[in-house]
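Each remark here refers to the structure printed beneath this line.
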Amino acid sequence: MSAIRKRRQAQEEEDANQVKLGPDFQTVDCLLISEVKVLLDIARDRKRRESGEGSISDIMQKTFDYCQQSTRFSNKQVVKEIRALFPKDQFHEFEMVQLANLCCETAEEAKALIPR
């Protein structure tokens, strides 16, 4: 099979406008930036307890810094409430997470930024 045909086939399998995100995303959950921050906090605390020091890798630190700057929800309860706002039968998880992360002010803005 030619390289062009393989690329075309891959493009057909993945289409964000149709929420076809490819095989890598079929069995994973999408996370809000706030949830990633909470998980990184837990990992950092665990590392501190286990090794006695709080140093984490540069990549982990940069990810944590990004999450800290970008998060809009710092309370775990608020994150749970945000997830409850979006009925699973009306929103794909990817759409819900994008809407929550972007906090669009208008429906038009959301439609322009989030495919479907």
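A few comments on the model shown:
- Residue match in segment 70-77 (condition: touching a residue at least 40 places away in the same chain (Cβ under 8 Å), under 16 Å from the mean Cα position of the chain (by Cα) and surrounded by 11 or more Cβ atoms within 10 Å (Cβ to Cβ)): yes
- Set Ser74, Ser55, Ser70: member being within 28 Å of Gln26 (Cβ to Cβ), of a type in the set (S, T, N, Q) and in contact with a helix residue (DSSP H, G or I) (Cβ under 9 Å, 6 or more places away or on another chain): Ser70
- Sub-6 Å Cβ pairs linking a first residue in segment 31-54 that is under 21 Å from Glu95 (Cα atoms) and of a type in the set (Val, Ile, Thr) to a second residue that is modelled with pLDDT of 85 or more and not in a helix (DSSP H, G or I), at least 6 apart or interchain, are Ile33/Thr71, ordered by first then second residue.
- Subset of segment 81-114 [outside any helix (DSSP H, G or I) and either surrounded by 11 or more Cβ atoms within 10 Å (Cβ to Cβ) or not charged (D, E, K, R) (or both)]: Leu85, Phe86, Pro87, Gln90, Phe91, His92, Cys103, Cys104, Thr106, Ile114
- Being at pLDDT below 80, surrounded by 10 or more Cβ atoms within 10 Å (Cβ to Cβ), farther than 26 Å from Lys111 by Cβ and among the basic types (Lys, Arg) is a property that Arg7 has.
The values are calculated or read from the model by the stated rules, or taken from the named source; none is laboratory data. Everything numeric in this text was worked out from a predicted model, so none of it was measured. As a convention, Cβ positions derive from the backbone with ideal geometry for all residues, glycine included, and neighbour counts pool all protein chains shown.
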